[in-house]
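Engineer: Pasting in a structure now, in structure tokens, and then I'll have a few things to ask.
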Amino acid sequence: MTLDWRDPSIHLKQIYLEKSCVGNPYGEEIIARANLPVKTVTEQDLKSLVSGEYPANLREGKKSLLLCRNQGEFLKDCPGTREYRCCDYRVLNVGLGCPMDCVYCILQAYLNTPYMSFFLNVGELFSELSAKLNDHPVRVMRIGTGEFTDSMALDRITGLSTRLVNFFGQQKKGVLELKTKSGAIDNLQHLQHNGRTIVAWSLNSEDIITKQEIRAATLEQRLNAAARCVVWGYDCAFHFDPIISYPGWEKGYRKVIDQLFEKIPAERIVWISLGGFRYLPSLKNIASDRFPQTRIFAHEFIDGLDNKKRYFRKIRTTLYKVIYNELRTRCAPDTCIYFCMESDEIWQEVMGFLPAEKGGVGAMLDQAVKLR
């Protein structure tokens with residue numbers, strides 16, 4: 001029997017509740033919705049929640065969710081680098097880890113705990129958001145929750161999207177992006193989003209989704225979910241990242257673009273990002289050990305200026321030119337197509353301009369929001 005992974009939260013088997021959060025009303029809501037075994041734990045228990053050594057215990061760890069408090073800031077700048085053009089994104093940290101298990105996921109090398117975490121102190125989250133939005137200049141602050149977790153993968157049980165969308169619906173300076181590889185968008189219906197939430201999907205070819213994005217929704221399921229969001233009044237965004245070179249890649253990505261514009265009206269797409277496959281050097285051994293069948297690390301790679309491994313420039317530009325030129329002929333004039341973490345040289349060669357000529361990547365994305 002093949003499982004339907006539109007809602008990857010079905011992979012969860014156990015809830016852990018940090019002792020300091022016992023009695024937290026939001027935690028009690030989540031526990032009631034999850035209807036899973038619950039165990040209260042102390043900070044000392046965390047090292048032994050999942051047996052085995054990291055990262056070998058990640059597969060089992062992804063079945064467990066720790067409900068806890070965030071001890072630090074919730075809102076931070078995207079961890080980009082000065083060497084490549086960044087989009088001035090802000091990351092809202094609502095938890096760590098994801099029930100999906102993508103071969104290329106950088107979190108395998110970035111985190112060191114096998115279980116997932118979700119933060120319950122949302123009162124502090126919204127207080128911090130309000131303060132920082134009020135202090136922000138008039139320009140748009142683009143905020144997303146999909147950096148250290150998938151924005152919607154656990155939403156069936158957390159219901160966080162409802163709180164976030166309603167909050168951003170009342171903001172003038174903030175725009176929320178919910179980025180996912182799931183189809184779990186039921187909670188977004190009937191919300192007063194007022195155009196301040198953009199629902200986004202990571203897209204890839206069917207070959208990559210099938211072989212490298214374990215427990216993620218199919219391409220058709222993602223696009224069907226996006227189409228439903230359009231009906232509910234949301235604008236959408238899409239991220240071709242990571243773009244992976246493999247035999248038949250050109251045909252595969254062209255097919256994705258065909259399906260995208262068959263399902264989604266061009267004028268409802270705010271932005272589309274392109275990013276070639278890149279990874280921390282430590283990821284190769286971790287992913288290769290966990291997924292010995294993968295071939296995505298078989299290429300030759302160079303050391304990027306951000307200390308990540310990247311395809312050689314010629315490979316990157318070949319991939320980008322095909323996908324960008326195909327998108328440019330289909331997109332609405334005010335849709336922003338941009339590179340995630342690429343050099344000026346790549347921008348100039350593929351798109352024919354430098355971000356600085358348009359005020360920078362951040363200004364380009366801000367303008368795409370303001371045009372709507």
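Yes/no per residue for (1) of a type in the set (A, V, I, L, M, F, W, C); (2) on the phi > 0 side of the Ramachandran plot; (3) out of contact with any Ser or Thr (no Cβ under 8 Å at 6 or more places or on another chain):
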residue: Lys179; (1), (2), (3): no, no, no
residue: Gln189; (1), (2), (3): no, no, yes
residue: Ala226; (1), (2), (3): yes, no, yes
residue: Lys251; (1), (2), (3): no, no, yes
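Engineer: Quick test of your reading of the structure: Leu305 fulfils all but one of (1) of a type in the set (A, V, I, L, M); (2) over 23 Å from Pro55 (Cβ atoms); (3) not in a loop (DSSP other than H, G, I, E, B). Name the failing condition by number.
Structural biologist: Among (1) of a type in the set (A, V, I, L, M); (2) over 23 Å from Pro55 (Cβ atoms); (3) not in a loop (DSSP other than H, G, I, E, B), the lone unmet condition for Leu305 is (3).
Engineer: Sort out which residues of region 200-230 are hydrophobic (A, V, I, L, M, F, W, C) and touching a residue at least 40 places away in the same chain (Cβ under 8 Å), and write them in order of number.
Structural biologist: Of everything in region 200-230, those that are hydrophobic (A, V, I, L, M, F, W, C) and touching a residue at least 40 places away in the same chain (Cβ under 8 Å) turn out to be Ala200, Leu203, Ile208, Ile214, Ala216, Ala217, Leu219, Leu223, Ala225, Cys229.
Engineer: For region 277-302, give me each residue that is touching a residue at least 60 places away in the same chain (Cβ under 8 Å) and assigned to a strand (DSSP E or B).
Structural biologist: Arg278, Tyr279
Engineer: Can you tell me which condition Lys309 does not meet? The list is (1) more than 30 Å from Asn57 (Cβ to Cβ); (2) in contact with an Asp or Glu (Cβ under 8 Å, 6 or more places away or on another chain), and all the others hold.
Structural biologist: It fails just one condition, (1).
Engineer: Would you point out the residue of region 79-103, among those that are of a type in the set (D, E, K, R) and either modelled with pLDDT of 95 or more or not in a strand (DSSP E or B) (or both), that is nearest to Ala368 (Cα to Cα)?
Structural biologist: Asp88
Engineer: Among the residues in region 326-337, are any within 30 Å of Gly233 (Cβ to Cβ), in a strand (DSSP E or B) and not aliphatic (A, V, I, L, M)?
Structural biologist: yes
Engineer: Scanning for something part of a loop (DSSP other than H, G, I, E, B), over 24 Å from the mean Cα position of the chain (by Cα) and either at positive phi or not acidic (Asp, Glu) (or both), does region 1-14 turn up at least one residue?
Structural biologist: Scanning region 1-14 turns up at least one residue that is part of a loop (DSSP other than H, G, I, E, B), over 24 Å from the mean Cα position of the chain (by Cα) and either at positive phi or not acidic (Asp, Glu) (or both).
Yes/no per residue for (1) crowded, with 19+ Cβ neighbours inside 10 Å; (2) free of Cβ contacts under 8 Å to residues at least 60 places away in the same chain; (3) among the acidic types (Asp, Glu):
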{"position": "Gly97", "(1), (2), (3)": "yes, yes, no"}
{"position": "Val140", "(1), (2), (3)": "yes, no, no"}
{"position": "Gly146", "(1), (2), (3)": "yes, yes, no"}
{"position": "Leu154", "(1), (2), (3)": "yes, no, no"}
{"position": "Lys179", "(1), (2), (3)": "yes, no, no"}
{"position": "Gln189", "(1), (2), (3)": "no, yes, no"}
{"position": "Gln192", "(1), (2), (3)": "no, yes, no"}
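Engineer: Scanning region 104-135 for residues that are of a type in the set (Ser, Thr, Tyr) and outside any strand (DSSP E or B), which turns out nearest to Arg59 (Cα to Cα)?
Structural biologist: Tyr115
Engineer: Still on this model: Looking at Trp271, is it of a type in the set (Phe, Trp, Tyr) and under 19 Å from Gly146 (Cβ atoms)?
Structural biologist: yes
Engineer: Of the numbered conditions (1) more than 16 Å from the chain's Cα centre (by Cα); (2) at pLDDT 95 or above; (3) of a type outside the set (D, E, K, R), Gln171 fails exactly one; give the number of that condition.
Structural biologist: Only one criterion is unmet by Gln171, namely (2).
Engineer: Can you confirm whether Leu67 is crowded, with 21+ Cβ neighbours inside 10 Å, farther than 30 Å from Ile346 by Cβ, of a type outside the set (S, T, N, Q) and in contact with a helix residue (DSSP H, G or I) (Cβ under 6 Å, 6 or more places away or on another chain)?
Structural biologist: Against the criterion (crowded, with 21+ Cβ neighbours inside 10 Å, farther than 30 Å from Ile346 by Cβ, of a type outside the set (S, T, N, Q) and in contact with a helix residue (DSSP H, G or I) (Cβ under 6 Å, 6 or more places away or on another chain)), Leu67 qualifies.
Engineer: In addition: Which residues, counting only those in region 1-28, are surrounded by 14 or more Cβ atoms within 10 Å (Cβ to Cβ) and in contact with a His (Cβ under 9 Å, 6 or more places away or on another chain)?
Structural biologist: Trp5
Engineer: Got a sec? Which strands (runs of 3 or more DSSP E) wholly within region 136-255 have at least 2 residues that are out of contact with any strand residue (DSSP E or B) (no Cβ under 7 Å at 6 or more places or on another chain) and under 22 Å from Trp5 (Cβ atoms)?
Structural biologist: Ranges flagged: none.
The values are calculated or read from the model by the stated rules, or taken from the named source; none is laboratory data. Values in this document were obtained by computation on a predicted structure and should not be read as measured data. All Cβ positions, even for glycine, are placed from backbone atoms using ideal geometry, and neighbour counts span all protein chains on display.
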